[in-house]
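All of the numbers you see were taken from the coordinates with simple rules; none came from a lab. If you're wondering where the values come from, they're calculated on a predicted model, not measured in any experiment. So basically every Cβ, Gly included, is an ideal-geometry build from the backbone, and we count neighbours across all protein chains shown.
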Amino acid sequence: MTNSVLKIPKRLWAHRPITFAVAQMPIRRNFRQTLLSAFVLCSVVVGCSLTVCAKPNVILVMADDLGYEALGCYGGTSYETPVLDKLSATGMRFTHAYAQPLCTSTRVQLMTGKYNNRNWVAFGILDPREKTFGHDLQEAGYKTCIAGKWQLTSYDPPDYPGAEWRRNMGMHPKDAGFDEYCLWHTGHTEVKGSRYADPVILQNGTFRKDTTGKYGADIWAEYINDFITRHCDESFFVYFPMALTHGPFVPTPDSREWADTENRHVSDKRYFKDMVEYMDKTMGRIVARVDQLGLRENTLILFYSDNGTPRGITSLMGEKAVAGGKGYTTDAGTHVPLIANWPGTVPSGAVCDDLVDSSDFRPTLLDVADASPPNDEQWDGRSFLPQLRGEVGTPKESVYFHYDPTPGWDKDKYSLIRFVRDKRFKLYDDGRFFDISNDVLEQHPIRQAADSPAAVEARNRLQAVMDQMERVPNERADLRAKALGKSAP
């Protein structure tokens, strides 16, 4: 069989050498359909490269259960993360980014810009009356998309005590401000199915029937890339709350065991390394598509995590072993990576040591979109867009944590913990006080009588924040009471 070449007029490929290169590849005739698909993509590339959107695109990716120590750019040596390391090297890495110790707590703050004391209901529940950053960017003229993990509707299985008060409670993704969605865990916990091999995925109101033999991260990367391609001539916002690297720790398509379909759901923590590296590879697929479409200088890419690395996983930072602390209020559960990349706007190779937490993303995204926040909402977040531009900005002096993952299935072992911290000191609501810079595992509380002048100042300042935040009423107290099986206050 002879080879043939599809010729594309020079006017279509002159602006993009990659277009010409792809178009000129010799192929066999039975691959003509593949080539036609490549031609369509190349045509889109040219179209997008000649379009300048008025507002920057935003891609926000949040890993699931990944502490800062897992990435090479933070000094991690256990896993290969070349894509994220490059995004850091050519962008900005934050050294004091924090999240709540468990996922829903962080996700609610991230999407609403509010600390949990203002709107916490229950684990796996987001009040449908809340506005999210999806709504904000829709109103600002963006095309919006979410893909990955939802877990904000009806979390408790039916046999869990109190579940009858919370079943069917929460926000459905169709109401969260996203034009398109492709999500796992969109309903009852007991029917959520797999998030990895043969995943159960609800896409724009219909459960997909083509996921057998596929891997969740691949489906979501393809979905996101298709969305970006279709809307490359418009301002778009993509929120990708990943499933990786949350347990179960199972093979990825790059694992040797993936070849045997019976092994794809067998959990072993040795697969955590494969999962971290596949997470990085998935990031690379999305970055590559943005590059192919010529959108990099008009696209802010943010990478974050919802909490620390799972317990039972130990990672290395050189010769230093770091144990995962998901669920704990120490740095092991709350210190997470934050990487920002935006060529021409974010300084290359920059390191920012300002305090940032999950409440800060909503105001930052609105700032990027040059949109005003709603007048009827009280937020706790603060935009870090000035820092992304290399400016001083107005960073927070402290970050506050209202950590209460109850009620919810498998959350009985937790209870309300409140604390405030700055970059060095940390104060709990029971009076425990730590110098984290010298006691990262919080093993040696400082007695007030032993406070140094710096500690005295920090203790007083952090206590004032604690006192102020404890007086803030829960705007969702009525739904919170219902979730607890009580009468509304």
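At-a-glance table
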item	result
Cα centroid of the range 142-218 to Cα centroid of the range 258-331, whole Å	21
Gain upon complete extension [E262, H188; 0.36 nm per residue less C-alpha separation]	24.0 nm
Sequence-distant residues sharing a close amide H with K326 (under 5 Å, placed H)	T309, R311
Cβ-based exposure ranking for K174, K426, in which fewest neighbours within 10 Å come first	K174, K426
Vicinal HN-Hα couplings computed from phi for the range 327-335 (Karplus, 6.51 cos²θ - 1.76 cosθ + 1.60; Hz; Gly/Pro x)	x, 8, 8, 6, 4, 4, x, 10, 7
For F425, residues with placed amide H under 5 Å, excluding near neighbours	I436
Rule-of-thumb Rg ratio for the chain [Cα; 2.2 N^0.38 Å; N residues]	1.00
Rg in Å to one decimal, and Dmax rounded to a whole Å, for the range 221-279 via C-alpha atoms	15.1, 44
Nonlocal amide H pairs with D357, under 5 Å, H built at 1.01 Å	Y98
Percent RCO, i.e. relative contact order, over the range 165-313, from Cα pairs under 8 Å lying at least 6 residues apart	16
Two-site FRET efficiency, T229 against R389, from Cβ-Cβ distance with R₀ of 22 Å, rounded to 0.05	0.20
Length-normalised contact order of the chain in % [C-alpha pairs under 8 Å, at least 6 apart]	23
Over the range 147-240, relative contact order from alpha-carbon pairs under 8 Å, at least 6 apart, %	27
At least 18 Å along the helix axis (C-alpha) and Kyte average at least -1.0, DSSP helices within the chain	32-49, 216-230, 272-292, 453-470
Full-stretch length increase - A454, Q468 - with 0.36 nm per residue and alpha-carbon distance subtracted	2.9 nm
Above-threshold pairs, the threshold being 32 Å between Cα atoms, out of K273/K413; K114/K411; K149/K269; K143/K269; K326/K482; K55/K214	K143/K269; K55/K214
